[in-house]
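Working notes for the structure below.
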Amino acid sequence: MSGARRNVNRTAGYLCRILALLAATLAASGAFAQASSERPVRIVVGYAPGGPADALARISAEILAQGLGQRVIVENRPGAGGSIAAGLVAKAPADGNTLLLSATADMINSIINRDVQYDIETSFAPIALVASAPNVLVVHPSVPAASVRELIEYAKAHPGELSYGSAGYGTVSHLAGATLALGSGVEMVHVPYKGTAAAQIDVIAGRLQFMFDAIGGALPNARVGKVKALAVTSPARWPSAPELPTMAESGFPGFDMTAWFGLLAPAGTPAESVERISRVVLKGVQTAEAHKQIGAIGGEPGRMTPAEFARHIRAENARWRKLFSDGRLKVEP
């Protein structure tokens, strides 16, 4: 065999080995990508099943499963007003596979609680606002009050005897009750729970006199006489309950306790991953089915992009910090 032919054969051998190595590398990469796409996305929610946050987490999971083509699971980690779940997600790998269904309480906890393991503005990458909704002030039918003013008059005649429930310390339902007590100058007893549903049960049973309940549970219960609805906590009357006055109309000017719920990822999550998830969520919440599901809990679907949601969080954070700055509103256990 001539030297030229040996060189050709040697070169062909090298090329075959290189192509085989390249094929193996591509196969491994494909297998890795397939394995990665098969990893479930986890949405962590800081409240027990049955409340609005849990419902919105499950609506989001359904939207993401269809839009991303991945399995999506909801993991409930209730306790500490949602801060346990928020702290867990803040420390999770920033790979887009662990998300937080965040509520207003997560921001409030980062203001009032020095022990939380996150900062609402720096520990997360905002993805999308899923929904917003007010609470409704409801009282047990045995309470002789058909308006907020009548409730305050009754509370003044029975100082320290009225108890109100909440979804936990630092939640909107708690702060609404604390603001009502502060604004009226009446002593009221706060009873925290690990979610809205448990507090709702005790109001219906008469073990609590009132609460600021999530609108999706408050309205159906009021319409069948289990509770009496007195007012909404939004700054304007809410579309699904236009007959109810606002707290501002009821003698508490500036009262705005509208709760928001959104998806956050750990800080450092790649922007392309954040944008991809956001597009799927924002498209999903505008479908007729999502409108129906979100409307069933009294909410309005969100429309904010990641940048818009980040600005919203900053503005809300500043508003709540100002609310606590004078030290009059205290929410510690």
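Of the residues 72, 89, 45, 224, the one with the fewest other Cβ atoms within 10 Å heads the list, and the complete ranking is 224, 72, 89, 45. Listed by chain and number, the lysines whose alpha-carbon sits under 22 Å from that of residue 292, ignoring those within fewer than 8 places in the same chain, are 283. The fewest-to-most ranking of 297, 127, 84, 277 by surrounding Cβ atoms within 10 Å reads 84, 297, 277, 127. Note on residue 91: aspartates and glutamates with a C-alpha under 16 Å away, same-chain residues under 8 apart excluded, are 75, 106, 115, 119, 121. For the range 123-154 and the range 47-61, what is the centre-to-centre distance using only Cα atoms, to the nearest Å? So the separation of the two Cα centres works out to 18 Å. Spatially, the range 204-229 and the range 254-333 are offset by 25 Å when compared through their Cα centroids.
The residues 283, 322, 226, when put in order of fewest to most other Cβ atoms within 10 Å, stand as 322, 283, 226. Extension gain for residue 323-residue 158 works out to 56.6 nm (0.36 nm per residue, less the C-alpha to C-alpha distance).
None of the figures in this text is laboratory data; all of them are computed from the coordinates on show. Note that this is a predicted model, so its numbers are computed, not measured. Using ideal geometry, Cβ is built from the backbone for each residue, glycine included, and neighbour counts are taken over all protein chains shown.
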